[in-house]
Number of protein chains: 2
Amino acid sequence: MTPSRPGASESRQPYHHGDLRRSLVDAALALVAEEQDWGFSLREVARRAGVSHNAPYNHFADKRDLLGAVANAGYEALQSRLTVLAALTAAPDEALVAIGVGYIRFGLENPAHYRLMFGPELVAGSGGPPASLLEAAGGAKSVLAEVLLRGARAGVFKAAPDDEQALGILVLSSWAMVHGLTLLLMDRLAGSALPDSIPELVARTLVDGIRVR
Amino acid sequence: MTPSRPGASESRQPYHHGDLRRSLVDAALALVAEEQDWGFSLREVARRAGVSHNAPYNHFADKRDLLGAVANAGYEALQSRLTVLAALTAAPDEALVAIGVGYIRFGLENPAHYRLMFGPELVAGSGGPPASLLEAAGGAKSVLAEVLLRGARAGVFKAAPDDEQALGILVLSSWAMVHGLTLLLMDRLAGSALPDSIPELVARTLVDGIRVR
DNA sequence: GCGTCTATGTTGTCGCCATCAACATAGCCC
DNA sequence: GGGCTATGTTGATGGCGACAACATAGACGC
């Protein structure tokens, strides 16, 4: 809430605002979480941050730009979460299950935020996603890749550690399955007759499928 | 284009409009395909259909309702496509690869339409998706379930044909993987160093993973 | 200290939108 | 043939995104 800018005055109304950019991202994030949608107006975000309806344009080119920053924050949170999980478990196959389940849980904790991270608005026409998003997403993906490489080196997974294409397909398959399941679950398309241990069961289906037997 | 209403007059300006509901869905579908987004206005849809900006409200409660109809049409098209593919191949494992690849291709042919089918707007708060959508999605899912059941009965897949939970997990795992890959590919998150036979390679990873060996 | 520069924030404005309400019309059924 | 109802149209209202013109407060040279 309070500013932490270098050289900011102590108790006054802080600077111009303090750190409006940050406040706007926070406000947008809160709105995404509350409304489970990002159809809210930029003006509403500005209102939340206590500034005029046009102040955001000093920090973001447009609404999409702001949402991109929100998505970016999501990728960072996801990556750090997965990194911790990957380090906690020594066995590569169990580590893969752990980050798979953790990934899905992350998505289900804030469905709209997760959806936003992969939302159509951010792909920006046919030019592909902006570089910053690609980078942030790549960071999360790399955690998965590390674990798979670890398992391949240990001879646990069905890919030679030096076969980049085979490893790439494994990474993509794994990512696709957890990504897809996360979305199917939040869309309530999984069917209700199944237990709520679905994430783990599916993750084990994945791991058992790529394990050397 | 021409009306097919019972008792419609022959050559005149047909009835009030003919079949506005259908025209609106078609116009919206065209807009989704063109703009690869559904941020267009309801008024734009009305313009395309050649009616006033308020006419759509006689057929749809609001914009979301119209988009729901568009999504529904997507599920129907997907289901019929998968049904054909599933019937074309006798061997269950190859049939699964075929519908997996066909599924992904369907999504990539019209990314925005595919995304809309699973879009957040349609989940309607925390009450879950409307019944019509659940039904349409279930139809597509059932094609997958049929093939997996076929393979289980043939002893090709790692699930007993009478173990509903195991089969359910297999269905969900398969759906999740193709769904996830479809979205990752359209988000350009798959990485560019990989060949464009990715869909088939991933589908085979899936099938090899659940095949009895 | 002081004047200027620039980043940041505000006010005002425009065209557009979703949605509601009131009104018009045309095919239908008795 | 006359009312009924489904379907379309016209006309608001409040809000929004984006732009432009203006205001202000720190920064920085002197």
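Quick look at the values:
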{"quantity": "Cβ-placed point charges (K, R +1; D, E -1), dipole of chain B about Cα centre in debye, nearest 20", "calculated": "180 debye"}
{"quantity": "For A:201-210, mean number of other protein chain Cβ atoms within 10 Å", "calculated": "6"}
{"quantity": "Largest to smallest accessible area among B:GLU146, B:GLU94, B:GLU121 [probe 1.4 Å]", "calculated": "B:GLU146, B:GLU94, B:GLU121"}
{"quantity": "Peptide B:162-172 - average C-beta neighbours from other chains (10 Å radius)", "calculated": "4"}
{"quantity": "Hull-based mean projected area of the protein assembly as shown, where the convex hull spans the alpha carbons, in square nanometres", "calculated": "25.1 nm²"}
{"quantity": "Cross-link reach list, lysines versus B:LYS141, counting only Cα pairs under 25 Å and skipping chain neighbours closer than eight places", "calculated": "B:LYS158"}
{"quantity": "Of all accessible heavy-atom area on the range A:107-163, the percent that carbon and sulfur account for (1.4 Å)", "calculated": "56 percent"}
{"quantity": "Rg over Rh [alpha-carbon atoms, Kirkwood Rh] for the range B:112-181", "calculated": "1.06"}
{"quantity": "Accessible-area value, B:HIS179, 1.4 Å probe, nucleic acids and ligands omitted, Å²", "calculated": "0 Å²"}
{"quantity": "Degrees separating the helix A:92-109 axis from the principal Cα axis of chain A, which is the longest one", "calculated": "30 degrees"}
{"quantity": "For chain A, built as a Gaussian network whose Cα springs stay under 10 Å, the top-fluctuating residue of A:VAL70, A:VAL178, A:VAL156", "calculated": "A:VAL156"}
{"quantity": "Per-residue HN-Hα couplings for the range B:137-153 [Karplus 6.51, -1.76, 1.60; θ = phi - 60°; Hz; x = Gly/Pro]", "calculated": "5, x, x, 5, 4, 5, 5, 4, 4, 4, 4, 5, 5, 4, x, 5, 4"}
{"quantity": "Sequence-distant residues sharing a close amide H with B:PHE157 (under 5 Å, placed H)", "calculated": "B:ALA152, B:VAL212"}
{"quantity": "Debye intensity ratio in log₁₀ form over the Cα atoms of the range A:70-210, taken at each q of 0.14 Å⁻¹", "calculated": "-0.66"}
{"quantity": "Residue-wise HN-Hα coupling along the range A:50-63, computed from phi with Karplus coefficients 6.51, -1.76, 1.60 (Hz; x: Gly, Pro)", "calculated": "x, 10, 6, 5, 10, 4, x, 5, 7, 10, 9, 4, 6, 4"}
{"quantity": "Virtual spin-label span in nm between A:ARG47 and A:ALA160, 7 Å along Cα→Cβ", "calculated": "6.2 nm"}
{"quantity": "Separation in nanometres of the label points that stand 7 Å from Cα toward Cβ, at B:GLU76 and B:ALA193", "calculated": "4.6 nm"}
{"quantity": "Extent along principal axes [Cα atoms of the range A:22-145; Å; largest to smallest]", "calculated": "53, 31, 20"}
{"quantity": "Label-point gap, in nm, between A:LEU108 and A:GLU34 - each point 7 angstrom along Cα→Cβ", "calculated": "2.6 nm"}
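The values are calculated or read from the model by the stated rules, or taken from the named source; none is laboratory data. Just so we're clear, the structure is a prediction, and the values are computed from it rather than from any experiment. When we count neighbours, we look across all protein chains shown, and the Cβ atoms used for this are built from the backbone with ideal geometry, even at glycine. For the accessible areas, the whole protein counts, side chains as well, though only heavy atoms, and no ligand, DNA or RNA atoms are used. Shrake-Rupley method; radii C 1.70, N 1.55, O 1.52, S 1.80 Å.
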